[in-house]
Structures are given as structure tokens and as C-alpha cells.
Amino acid sequence: GNTMAALVCAMSGEPPLEPVVSRKSGHLFEKKSILKYLLEAGTCPVTGQELSTNDLVELKPHTAVRPKPVAATSLPGLMGMFQNEWDASVAETYALRKELDQVRSELAHTLYQHDAACRVVAKLIKERDDANANAAAMQEAMRRQAAAPAPAAPAADRMDEDANQGITEAMKEKMTEKSTELSKGRKKREISANLATEENLKQYKELASIPTASGSVVSAIDVHQKNGNMILAGCSDSSVMLLNRTTNASTPLLGHKGKINRVLFHNTQDLCFSASADGTVKTWANGAAVRTFSDHKGEVTGLSLHATGDYVVTASTDKSWAFYDLETGTCRQVVADPTVTAGYSTAMLHPDGLILGTGTVENFVRVWDVKTQQNVVSFSAHPSAVTSLAFSENGYYLATTGSDGVKVWDLRKLAKQGAAAAAAKHFEVAGAECRFDLSGTYLTVGGAAGLHAWHTKSWTQMLSVSSPTPLSAMAVGPDARFMAGGAADKTVKLWGC
């Protein structure tokens with residue numbers, strides 16, 4: 001054969017019938033194939049350089065017909081040639097599949113590494129943002145602490161001075177606007193898709209029992225409703241413990257000198273509060289006390305955050321309740337009604353923020369108008385002290401606990417019933433503390449008989465879990481997915497499924 005016959009097309013790998021060669025790359029092509037390719041791509045299929053028909057030079061090979069190989073002159077020879085070509089094709093296909101599998105494996109490994117790297121980067125970014133936020137909160141707390149005037153007068157004098165300031169009209173207007181907003185949105189509010197179902201509650205059991213760092217009984221407890229891993233526990237030895245329920249890591253908050261009666265997380269800010277038998281309320285941020293309120297003359301037994309997040313209300317055994325402005329750190333009003341004959345044992349603001357419920361160490365529940373500080377209704381709730389009270393998020397129900405169990409009161413009827421108020425429901429279960437979940441779907445009670453829960457529509461009991469030791473405090477996690485309690489065996493107990 002001649003030299004041209006030994007040359008093949010760079011695209012097809014076959015000897016070209018109409019050979020052309022590229023001026024730029026020197027590669028040989030079949031004329032029809034390269035012209036079709038140029039119409040679509042406009043570049044050299046081998047080098048990727050721009051290529052046009054003017055860059056192609058036609059070649060004139062020897063046109064003599066090459067003789068057929070000897071093997072192609074008989075049927076057995078042709079069969080052998082076909083068999084060889086088939087075997088070559090099978091081998092090439094196998095090699096290509098093997099290479100494809102290897103490339104797929106390498107791609108999967110690369111994608112896994114990329115995904116892992118993205119997760120690590122996201123975690124690092126979150127940790128950085130959290131660190132920056134904590135640093136900013138600490139700087140702000142230090143700035144406020146530095147700007148706060150040093151106490152120059154005794155606590156009693158300061159109480160009188162702050163109380164004279166009163167709840168301003170601007171504060172009342174803000175509270176009214178918030179109440180209107182919440183009342184309108186309540187009917188439209190959808191129940192969380194993550195809310196624990198009735199079947200979930202029926203399967204609740206004890207998940208963990210975490211000893212307190214100080215080895216003392218938990219007397220007050222709260223769960224953060226945004227970050228359900230964080231639990232705030234107040235102890236009988238005056239210590240407060242900030243606990244992570246997933247890691248069991250705890251941060252002690254020290255400064256009180258008496259038993260902790262109530263603890264509370266702020267719902268939007270990185271703050272928490274504690275009320276103590278030493279007569280003080282402390283505000284904590286980043287593990288340190290940033291404010292201390294000392295406006296009561298007795299144990300502080302009630303602690304509640306206003307719906308705006310700007311105010312806190314406290315109640316005391318000294319027969320008074322107080323209204324605090326968190327922004328300025330001042331006590332705006334101390335309310336000591338002469339008709340109140342016994343100290344307060346508990347207090348909580350209504351979800352709308354315009355009324356306050358208080359329970360006394362005798363047996364009375366008193367409901368107050370926060371804006372006017374007037375007692376609007378009072379009634380005997382239990383044979384002895386009211387140990388806790390809680391308003392439902394639906395705004396209609398008030399639950400109280402006492403020595404005869406837990407009672408549910410319909411707020412829509414209380415104003416008419418007055419002192420003759422009758423409970424809508426009465427469950428004879430010993431309870432130290434009652435709580436509604438944020439949706440108002442479940443009422444939970446913890447006490448000497450363990451943990452109990454009822455559905456607030458049917459008032460069917462959903463949960464009854466006994467506890468080897470009495471519960472002195474309890475709280476409900478976000479979406480009622482778990483519950484936390486302080487037990488007499490000096491542990492924080494967690495229930496869930």
C-alpha cells in the first residue's frame with residue numbers, strides 16, 4: 001500500500017476517502033466528518049483551537065485500490081476477522097466499564113469529602129457567630145453595668161424612690177399594643193407541626209437523671225423554649241445551674257444567699273433570672289449576675305416575664321408584687337394592697353400581659369390589672385397555700401395547684417363569679433407545680449405522685465408517670481417533646497419518648 005493508506009482520520013480512526021489536513025494542527029480528517037463538526041462547533045476536535053474551512057487543505061492520495069488481505073478472500077478468514085474484531089470490541093467495552101466504575105467511585109468519594117468539608121465549615125461559621133454574639137452580649141452587659149449608678153441609698157429607700165416613678169403611660173401603651181397584637185393573632189396561630197402527639201405523651205418515660213453539681217435539691221426549674229437543650233435549675237443551697245441536657249455540661253451561677261424559689265429564661269435575649277429566699281432577684285448573662293433587684297423585704301416567690309420581653313414582675317411573702325423595667329434596670333412600681341392579708345407564694349402574668357395572677361400562702365388567688373394595679377377578682381382556690389399557677393396560651397384558662405390537687409379556672413367566668421368562683425376542672429393529683437405547653441394543648445403537673453398531663457380540649461389524662469422521689473418543680477420543653485423536673489433525690493429528671 002502507499003503512505004496515505006497508512007494514515008487515518010483523527011476523528012474516526014479509519015483511513016479517509018477524502019482526506020483533508022488542518023493548517024494549524026497538522027491533523028488529518030475525513031472531509032465530510034470535519035465539515036459537519038465545524039458547522040456545529042467551529043473548533044478543532046483534537047486541539048480545541050478555532051478552525052474554519054479555509055484552514056483545511058485537501059490532499060490527493062493515490063486512488064489505486066488496495067488488494068484485500070489474504071484472510072478476507074475466504075469465508076473462514078472473514079469469520080476469523082469478525083471474531084477478532086468482536087473480541088477487541090468486548091475487551092474495549094470491559095476496559096471502558098472498568099474505567100467508568102473507577103471514575104464513579106472517585107466522584108462519590110470527592111462528593112463525600114466536599115459534603116463533609118461543607119459541614120465542618122458550617123459548624124465553624126456557627127461557632128464563630130455564637131462566639132461573636134456572646135462577646136457582644138458580654139460587652140453590652142459590661143457597658144450597662146458600668147453605666148448603672150452605684151447604689152447610694154439603702155434598699156428600702158431605693159424601693160420608695162423607684163416605686164414613685166410608677167408605670168408610665170408609654171409603658172401602658174406598649175403593653176396594650178402587644179396585648180392587642182397577641183389577641184388578634186391567637187385565633188390565626190397554627191399549632192406547631194412538631195408538637196408531641198397524644199400517642200407520644202402516652203409513651204413518655206424517664207430518659208435521664210442528672211445529679212446537681214452542688215448536691216442539693218432542685219427547688220425551681222425552667223426550659224428554654226427556643227433552645228430546648230438549655231435547662232435552668234435553682235437549688236435549695238442558693239446556687240443556680242445552667243445545664244445542657246445533651247452534654248450534661250453545667251455552668252454554676254453563684255451569688256444568692258438563700259434557697260432559689262423561681263428561675264426563668266428570657267424568651268428572646270441571652271438572659272435568665274432567679275428569685276431567692278434572700279429577698280433578691282438576679283439577672284444573669286454569660287455566667288455572671290448583671291443586675292440585682294432588692295426591692296422586697298421578704299422571700300421572692302413569684303417571677304414572670306412580660307410578653308413584650310421588656311418587663312419582669314415579681315411577688316414576695318412581704319405581701320407585695322413589683323414591676324421592673326429591664327432596659328433601665330429600675331423598679332417602676334411596688335404594689336402593696338392593704339386588703340392582702342397573707343404573703344404571695346406564686347405569681348404569673350397572663351400571656352397577653354395585661355393581667356397578673358398571684359397565689360397566697362393562705363389559699364387565695366388574686367387577679368390584678370397590671371396597668372392600674374387594681375385587684376379585679378379574688379377567690380379561695382385551695383384549702384391551704386397555692387403552690388403554683390399558670391395561664392394557658394389560649395388565654396382562657398388558669399390552672400392552680402394546692403394540697404387538694406390541681407384546679408382549672410375559666411377566666412371568662414371568673415369576673416361574674418367573683419369570690420364564689422368554681423373550678424371548671426378539678427384533678428385530685430398532688431402537684432407542686434403546673435405548666436401549660438406553649439400551644440396550650442397540654443396541662444402538665446409534677447408533684448409527690450410523679451408527672452401527669454391532660455389534653456385541654458377533652459381533659460383526658462394523657463400521661464401518668466410515677467417518680468421514685470417527689471418532684472418539687474417541673475417544666476415543659478419546646479412542643480412538649482420532653483419534660484424536666486426537680487426531684488427530692490437531688491437530680492434533674494427528664495421524661496420523653
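The values are calculated or read from the model by the stated rules, or taken from the named source; none is laboratory data. Given the structure is predicted, the values throughout are model-derived calculations rather than measurements. Here Cβ is always computed from backbone atoms with ideal geometry, including for glycine, and neighbour counts include all displayed protein chains. Just so you know, the surface numbers come from the protein's heavy atoms only, side chains and all, with ligands and any DNA or RNA stripped out. Shrake-Rupley method; radii C 1.70, N 1.55, O 1.52, S 1.80 Å.
Angle between the Cα long axis of helix 155-164 and the longest principal axis of the chain, 0 to 90 degrees, nearest 10? That works out to roughly 80 degrees. Of the solvent-accessible surface of the chain, computed with a 1.4 Å probe and all protein chains present, 54% belongs to carbon and sulfur.
Extension gain for THR251 to HIS109 (0.36 nm times residue separation, less C-alpha to C-alpha distance): 47.0 nm. Rounded to the nearest 0.05, the FRET efficiency derived from the C-beta distance between SER384 and ASN134 at R0 = 41 Å is 0.40.
Taking only protein heavy atoms into account and a 1.4 Å probe, give the accessible area per residue of segment 214-296 in Å².
Numbers: 3030 Å² over 83 residues.
That works out to 36 Å² for each residue.
Enter the angle in degrees (range 0 to 90, nearest 10) between the Cα long axis of helix 75-147 and the first principal axis of the Cα atoms of the chain, meaning the one along which they spread out most. With both axes taken from Cα atoms, the answer is about 30 degrees.
Shown is the FRET efficiency for THR328 and ASN229, computed with R0 = 30 Å from the Cβ-Cβ distance and rounded to the nearest 0.05: 0.40. What's the FRET efficiency of GLN102 with GLN49 using the Cβ-Cβ distance as r and R₀ = 45 Å, to the nearest 0.05? So, using R0 = 45 Å, E works out to roughly 0.90. Among 206-216, 51-61, the peptide with the highest mean count of other Cβ atoms within 10 Å heads the list, and the full ranking is 206-216, 51-61.
Per residue, segment 336-380 exposes an accessible area of 33 Å² to a 1.4 Å probe, with every protein chain left in place.
At a probe radius of 1.4 angstrom, the accessible area of segment 390-491 per residue rounds to 36 square angstrom.
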